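Data block below; observations after.
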Amino acid sequence: MNYNFEKLFNFRDVGGVMTENGEKLKEGVLFRSEDLSKLTKQDIETFRQLNIKAICDLRMPSEQKSKVSRVGPGPGIELLSVSIHDKSQEFTHLEFFKFLVSKSTSVDFEKIMRDMYEHMAFGCHDEIKEIICFLSHTSRIPALIHCTGGKDRTGFIAAIIQLYLGVSYETVIAEYLKSNELIAEKMKRTESFIRWMSLFRISPEQIRPVLEVRREYLEDVYQKIMKQYGDIETYLEEGCDIPRSCLEELKRKLLSSSEGQ
């Protein structure tokens, strides 16, 4: 289903895909997107029509301040603000400028991205628990998960949820990679901004790993999760210490048999 937003990119339904045992993830229950800072009045009206009752914001405090959401908590909408980014990597614009200028020849953006995914998968167990338990509550459905671009942090959480619910790995990867086409226009502007911030010392090729999602980013941590825990359910239950009741409730909220579609 297409959602006609004017200034909201990478907005889509986490549902609508089939599981390996023939069930289907319900549509209109869990959405994902980039941040909500540039919504037009028409976008806000479109958003309201989705009847979203909860928003899970994965951004850092600095991101929330610089890009203030145009849909805030209030009557009918509950907000969970939980960052799954490495706090040590939080920069002000000035710090980011100094970093880019001083490290322009040596910074390895691909390593930064791989380290970020490693941190999300193995350094954010408490935050993942908070997110899953938040989303499992009946009063918080339909819900939206978002970060800044809606591609990495949001992409990782959406992938973990889909994998837990039984969606095939290849389908999850395909869903994850859709971000590249949905945010291509926005990422070109981000590329220009970062190159300008570096005084054009950083090439488009050098910055590209940050501007796109790549199969290997997700695949690396997925393989490590599988090696350590055996499956996603064990990872969530034992690694992230998520109560069985929350996991089962999430499954009930998001899964429906294909026969009922």
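What's the number of the condition LEU165 fails, among (1) of a type outside the set (Asp, Glu); (2) under 22 Å from ARG59 (Cβ atoms); (3) at pLDDT 95 or above? Answer for LEU165: the failing condition is (2). Pairs under 7 Å by beta carbon, first residue part of a loop (DSSP other than H, G, I, E, B) in segment 219-245, partner surrounded by 18 or more Cβ atoms within 10 Å (Cβ to Cβ) and charged (D, E, K, R), six or more apart or different chains? Listed by first residue and then by second, the contacts come to CYS240/LYS129; ASP241/LYS129; ILE242/LYS129.
Test GLY260 against the criterion of being at pLDDT below 95, of a type outside the set (Ser, Thr, Tyr) and over 20 Å from the mean Cα position of the chain (by Cα), and give yes or no. In short, yes.
Screening ILE207 against (1) surrounded by 13 or more Cβ atoms within 10 Å (Cβ to Cβ); (2) assigned to a helix (DSSP H, G or I); (3) at pLDDT below 70 leaves a single unmet condition, (3).
Restricting attention to segment 117-127, does a residue exist that is surrounded by fewer than 17 Cβ atoms within 10 Å (Cβ to Cβ) and of a type in the set (Phe, Trp, Tyr)? Taking every residue of segment 117-127 in turn, at least one turns out to be surrounded by fewer than 17 Cβ atoms within 10 Å (Cβ to Cβ) and of a type in the set (Phe, Trp, Tyr).
Only one entry of LEU135, LEU144, LEU165 meets the criterion of being touching a residue at least 60 places away in the same chain (Cβ under 8 Å) and within 17 Å of TYR229 (Cα to Cα), and that entry is LEU165. Close Cβ contacts (under 7 Å, 6 or more residues apart or on different chains) running from residues in segment 32-61 that are among the small types (Gly, Ala, Ser) to residues that are assigned to a loop (DSSP other than H, G, I, E, B) and surrounded by fewer than 22 Cβ atoms within 10 Å (Cβ to Cβ) comprise SER37/LYS67; SER37/VAL68; SER37/SER69; SER37/ARG70. If the condition is being more than 18 Å from the chain's Cα centre (by Cα), more than 15 Å from GLN42 (Cβ to Cβ) and surrounded by 15 or more Cβ atoms within 10 Å (Cβ to Cβ), then segment 1-26 contributes MET18, THR19, GLU23, LYS24, LYS26. Within segment 62-83, residues that are at positive phi have Cβ atoms under 8 Å from residues that are of a type in the set (Phe, Trp, Tyr) and buried (at least 16 other Cβ atoms within 10 Å of the Cβ) in no pair, counting only partners at least 6 apart in sequence or on another chain. Residues that are under 19 Å from GLY155 (Cα atoms), of a type in the set (A, V, I, L, M) and out of contact with any Asp or Glu (no Cβ under 9 Å at 6 or more places or on another chain) do occur in segment 16-30, at least one of them.
Could you tell me which residue of segment 45-78 is surrounded by the fewest Cβ atoms within 10 Å (Cβ to Cβ), considering only residues that are β-branched (Val, Ile, Thr) and farther than 13 Å from TYR3 by Cβ? Don't jump to the end; show me each part of the working.
First pass over segment 45-78, keeping only residues β-branched (Val, Ile, Thr): 46, 52, 55, 68, 71, 77.
Within this subset, residues satisfying the condition of being farther than 13 Å from TYR3 by Cβ are 55, 68, 71, 77.
On the way: ILE55: 23, VAL68: 11, VAL71: 17, ILE77: 18.
Ranking the candidates gives VAL68 first.
Within the set GLU63, GLU27, the sole residue that is of a type in the set (D, E, K, R) and more than 17 Å from THR148 (Cα to Cα) turns out to be GLU27.
Provide a single number: the residues in segment 28-60 that are part of a loop (DSSP other than H, G, I, E, B), over 23 Å from LYS129 (Cα atoms) and not hydroxyl-bearing (Ser, Thr, Tyr). Break it down stepwise before answering.
Of all residues in segment 28-60, those part of a loop (DSSP other than H, G, I, E, B) come to 28-29, 34-40, 50-53, 58-60.
So of that shortlist, the ones also over 23 Å from LYS129 (Cα atoms) come out as 36-40, 50-51.
Those still in the list that are not hydroxyl-bearing (Ser, Thr, Tyr) too: 36, 38-39, 50-51.
Qualifying residue count, segment 28-60: 5.
Please verify whether SER198 is surrounded by 17 or more Cβ atoms within 10 Å (Cβ to Cβ), modelled with pLDDT under 95 and farther than 27 Å from PRO142 by Cα, treating the condition exactly as stated. Answer is yes for this residue.
The values are calculated or read from the model by the stated rules, or taken from the named source; none is laboratory data. Here the structure is a predicted model, which means the values were calculated and not measured. Cβ: placed from backbone, ideal geometry, glycine included. Neighbour counts: every protein chain shown.
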